[in-house]
Structure formats: structure tokens, C-alpha cells
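Note sheet for the following structure.
Nothing in this text is a laboratory measurement; each read-out follows from the coordinates by a stated rule. Values in this document were obtained by computation on a predicted structure and should not be read as measured data. Every residue, glycine as well, gets a Cβ built from its backbone with ideal geometry; the counts of neighbours run over all protein chains shown.
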Amino acid sequence: MTRQGEAAEEEVSRALAARVQQERKRRNWTIQDLADRSGVSRAMISKIERLDSSPTAVTLSRLSGAFGLSMSELLLSGESSDRRLNRHKEQQVWQDPATGYTRRAVSPPAGMPLQLIEVYLPAKTKVEFPALSYSALHQQIWLLEGELTFQEGPERHELNPGDCLQLAGGQDCAFENPLRSPCRYVVALIVGKGV
């Protein structure tokens with residue numbers, strides 16, 4: 001990884017740690033309160049807030065669900081902006097340290113509540129998200145490259161390039177790449193409860 005890439009990753013980690021702490025304190029929750037609501041251990045929450053550990057995608061989804069936010073909302077700094085152009089080099093990139101799952105926030109900040117997220121899922125990788133993490137009102141997956149198996153509760157969907165799936169929401173989900181090469185897809189979602 002380049003120094004620029006490392007600096008960008010550190011910036012995302014700092015912003016995420018601050019955002020978790022900000023959201024927790026805004027609700028007057030202790031670390032134990034957040035642990036009880038999210039199912040994430042107190043020790044892990046403390047490590048995330050102190051920048052001693054980077055959360056996995058599953059941990060991040062549990063924390064965002066406990067706050068009633070989407071992962072996109074939690075990863076954003078919380079500051080609003082009227083910037084309508086989000087150049088590729090300015091787009092926030094976050095990578096799951098456990099799986100290599102990588103998400104790029106494509107949408108400009110002024111685009112809220114619509115968010116476009118580009119995801120790279122490494123070969124032979126599965127990422128599971130609890131139902132708690134789906135606070136978005138409307139979410140679709142559009143597969144660009146590779147193959148994707150999407151498990152939504154008991155229902156299983158096999159997606160090929162060009163396929164687009166509307167999520168039902170409210171169920172545990174898993175994204176799985178069955179191939180020996182990465183897959184790439186876009187998640188389009190509308191975030192926020194009042195939309």
C-alpha cells in the first residue's frame with residue numbers, strides 16, 4: 001500500500017472512531033449500553049474508539065444497526081456538505097480487515113439520502129450482515145462483474161453481471177463470491193428514517 005493509501009485509510013479509521021464515540025455520546029450511552037444494543041463486546045468498542053483496532057464489516061454493521069444508521073451513514077463524518085461532485089480520488093474507501101471486502105462511497109455528500117456504494121468482494125469470500133444493520137428504507141444490488149450469491153433470510157439469489165436485486169430488508173443477509181476472481185457490484189440505497 002502506498003503512503004497516500006495508508007494516510008487515507010488512517011483518516012477513515014480516525015473519522016470512524018470519532019463517529020462511533022459521537023453517536024454513542026449523543027444518545028448518552030455508555031460503552032456497555034452500546035455493547036448491549038449491538039452485540040459487540042465492550043472491549044472491541046473501546047478498541048475501535050481508541051484506534052487500537054479496525055472493525056470488521058460485521059462489527060461495523062452491528063454498530064450502525066444499534067444506532068439506527070446505515071453503514072454508509074456511520075462511515076460518513078456526520079458533517080453535511082453541498083459538494084455535488086465526488087471525484088474518484090476523493091471518494092472514501094473502507095476495507096474490512098478480516099475479508100478484504102472493500103466499499104467505496106461513490107455519491108457526493110450533497111446526494112443524501114441517495115447513496116451509491118461500489119463494493120469489491122474478493123474471490124471465495126462471504127460476508128454476513130445481521131438484520132439489525134438494515135436501517136435503509138430501500139436498497140438494491142447491481143452486479144457489474146463476476147458472480148454473487150446473495151442470501152436473504154431463507155431466500156437465495158444467484159446474480160450474474162447486469163442483474164439487479166431489490167432487497168426485502170429486515171432479514172439476516174450474506175454476500176458470497178463463489179468464484180476464484182473478485183466480483184464487483186453497486187449497492188444503491190436511500191438512507192434515513194424520514195425519507
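Please list, ordered by chain and number, the residues whose modelled amide H lies under 5 Å from the amide H of residue 179; skip anything fewer than 5 residues away on the same chain.
Under 5 Å from the amide H of residue 179: 124, 147.
Please compute the Kirkwood hydrodynamic radius of the range 3-75 from all pairs of different C-alpha atoms, in Å with one decimal.
12.2 Å
If you plug each phi of the range 94-100 into the Karplus form 6.51 cos²θ - 1.76 cosθ + 1.60 with θ = phi - 60°, what whole-Hz ³J(HN,Hα) values come out, in order, with x for Gly and Pro?
These are the phi-based 3J(HN,Hα) values: 10, 10, 5, x, 7, 10, x Hz.
When the helices in the chain are scored as -39500 (n - 2.57) per DSSP H run of 4 or longer and the sum is shared across all residues, what 222 nm value do you end up with, to the nearest 500 deg cm²/dmol? All intermediate terms of the calculation are to be shown ahead of the outcome.
Details: 5 runs with 56 residues, N = 195.
-8500 deg cm²/dmol, from helical runs alone.
Ranking 26, 37 by Cβ neighbours within 10 Å, fewest first, what do you get?
26, 37
Quick one: net charge of residue 175's neighbours, Cβ under 13 Å, K/R +1, D/E -1?
Local charge sum for residue 175: -2.
Do any trypsin sites (Lys or Arg not before Pro) in the range 47-141 lie in a DSSP loop with no more than 10 other beta carbon atoms within 10 Å, and if so, which?
50, 84, 87
Helix 57-67 against the longest principal axis of the chain: what's the angle in degrees, Cα atoms only, rounded to the nearest 10?
The angle comes out at about 60 degrees.
Can you pull the Rg over Rh of the range 88-190, Cα-only, Kirkwood?
Checking Rg against Rh, the ratio lands at 0.94.
In what order do 61, 54 fall by count of nearby beta-carbon atoms within 10 Å, going from fewest to most? Write out the running numbers ahead of the final one.
Details: 61 25, 54 19.
The fewest-first ordering by Cβ neighbours comes to 54, 61.
Check which residues have an amide H placed less than 5 Å from residue 163's amide H, if you skip close sequence neighbours.
The list, which skips near neighbours in sequence, is 143.
Rounded, prolate or oblate: which one fits the chain, using the alpha carbon gyration tensor with axes a ≥ b ≥ c (rounded when a/c is under 1.5, else prolate when a/b beats b/c, else oblate)? Before the final figure, lay out each step's value.
Values: a/c = 1.39, a/b = 1.27, b/c = 1.10.
In terms of gyration-tensor shape, rounded.
If one puts a single equal scatterer on every Cα of the range 48-138 and applies the Debye formula without solvent, what log₁₀ I(q)/I(0) results at q = 0.21 Å⁻¹?
-1.18
Just how far, in whole angstrom, is the range 102-121 from the range 151-185 if you go by their alpha carbon centroids?
Each part's Cα centre sits 18 Å from the other's.
With a ≥ b ≥ c taken as the square roots of the eigenvalues of the C-alpha gyration tensor of the range 105-158, please select rounded if a/c is under 1.5 and otherwise prolate if a/b is larger than b/c or oblate if it is not?
oblate
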